[in-house]
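Right, one structure below, let's go through it.
The values are calculated or read from the model by the stated rules, or taken from the named source; none is laboratory data. As the structure is a prediction and not an experimental result, all values here were calculated from the model. Here the Cβ is made from the backbone with ideal geometry for all residues, glycine too, and neighbour counts use every protein chain on show.
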Amino acid sequence: MQAAAAADTLTISFLGHASFLIETPGGVRAVTDYNGYNVPVDPPDIATMNHAHSTHYTDYPDPRIAHVLRGWRQDGKPALVDLTVGDLHVANLPTNIRDWQGGTEVYGNSIFLFESAGVCIAHLSHLHHLLTEQDLVLLGHIDVVMAPVDGVYTMSQPDMAAVLEQIRPRLVLPMHYFMRDVAERFVELIRDRYDVRWSDTPVLRVSRATLPGRSTIVVLPGGL
């Protein structure tokens, strides 16, 4: 029975800030918002990046990483990602971010989508706005959302809660929250709509069969 469970189970490890290590049943490894220091000991097969701040990317990724996927393009056009490695498919949805002058950088961020073993994970990175109907259609069905809940540098906490209501995932993994009390404020904001679990470990195992029936927020330690 244990071998059967492992065959369809993904392992998600919170590395800190906005970086998670996603490991598929087939052994493919991806790191979100790879920044060069919130990284696993061994390099992943895939690294995704966004560039709202230097804490979400690096110009010098480990050269052993086979696939470095940037969520923006220097020419201002939308980054388009559609990659399959082993049993992991990675795609993206370009979104906008605020620029340093208070304007909008169109297509400056990407929501990266990771799909394996029948589970779809969306990493929102530095999302700065509510999603459009077209965005939601393009995203499709999402099981797990990695959501920034800082309430200042990305979106207000009520707006992030509204984004989650738009997506309606089964699991929410807060990130980008810097201090525990920031995560606690977000949990209190949405507690009436979600079950809540504070994990003692930064590692979570997820499969299609073990997704909760009611939307659940799982706070993994390591939000800096």
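Looking at the stretch 178-224 only, could you name the residues that are β-branched (Val, Ile, Thr), within 20 Å of residue 39 (Cα to Cα) and either free of Cβ contacts under 8 Å to residues at least 12 places away in the same chain or assigned to a loop (DSSP other than H, G, I, E, B) (or both)?
201
Of all the residues in the stretch 197-211, those that are surrounded by fewer than 16 Cβ atoms within 10 Å (Cβ to Cβ) and either in contact with a helix residue (DSSP H, G or I) (Cβ under 8 Å, 6 or more places away or on another chain) or small (Gly, Ala, Ser) (or both) number 2.
Condition (residue is buried (at least 17 other Cβ atoms within 10 Å of the Cβ), at pLDDT 95 or above, closer than 24 Å to residue 35 by Cα and not hydroxyl-bearing (Ser, Thr, Tyr)) applied to the stretch 95-107: is it met by at least one residue? Within the stretch 95-107, none of the residues are buried (at least 17 other Cβ atoms within 10 Å of the Cβ), at pLDDT 95 or above, closer than 24 Å to residue 35 by Cα and not hydroxyl-bearing (Ser, Thr, Tyr).
Listed here are the residues, each with its yes/no results for (1) aliphatic (A, V, I, L, M); (2) closer than 19 Å to residue 57 by Cα; (3) at pLDDT 95 or above.
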{"site": "118", "(1), (2), (3)": "no, no, yes"}
{"site": "125", "(1), (2), (3)": "no, yes, no"}
{"site": "142", "(1), (2), (3)": "yes, no, yes"}
{"site": "152", "(1), (2), (3)": "yes, no, no"}
{"site": "161", "(1), (2), (3)": "yes, no, yes"}
{"site": "167", "(1), (2), (3)": "yes, no, yes"}
{"site": "220", "(1), (2), (3)": "yes, no, yes"}
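Would you be able to say whether some residue in the stretch 86-94 is surrounded by 14 or more Cβ atoms within 10 Å (Cβ to Cβ), assigned to a loop (DSSP other than H, G, I, E, B) and in contact with an Asp or Glu (Cβ under 7 Å, 6 or more places away or on another chain)? Within the stretch 86-94, none of the residues are surrounded by 14 or more Cβ atoms within 10 Å (Cβ to Cβ), assigned to a loop (DSSP other than H, G, I, E, B) and in contact with an Asp or Glu (Cβ under 7 Å, 6 or more places away or on another chain). Could you please give the count of residues in the stretch 110-134 that are in contact with a helix residue (DSSP H, G or I) (Cβ under 9 Å, 6 or more places away or on another chain), within 18 Å of residue 69 (Cα to Cα) and not hydrophobic (A, V, I, L, M, F, W, C)? The total comes to 2.
The residues of the stretch 112-132 that are in contact (Cβ under 8 Å) with a residue 40 or more places away in the chain and not in a loop (DSSP other than H, G, I, E, B), listed by number, are 112, 114, 116, 119, 121, 122, 123.
Given the structure, is residue 41 assigned to a strand (DSSP E or B) and either under 24 Å from residue 137 (Cβ atoms) or not charged (D, E, K, R) (or both)?
Answer is no for this residue.
Restricting 146, 175 to those that are surrounded by 14 or more Cβ atoms within 10 Å (Cβ to Cβ), closer than 23 Å to residue 33 by Cβ and out of contact with any Leu (no Cβ under 8 Å at 6 or more places or on another chain) reduces the list to 175.
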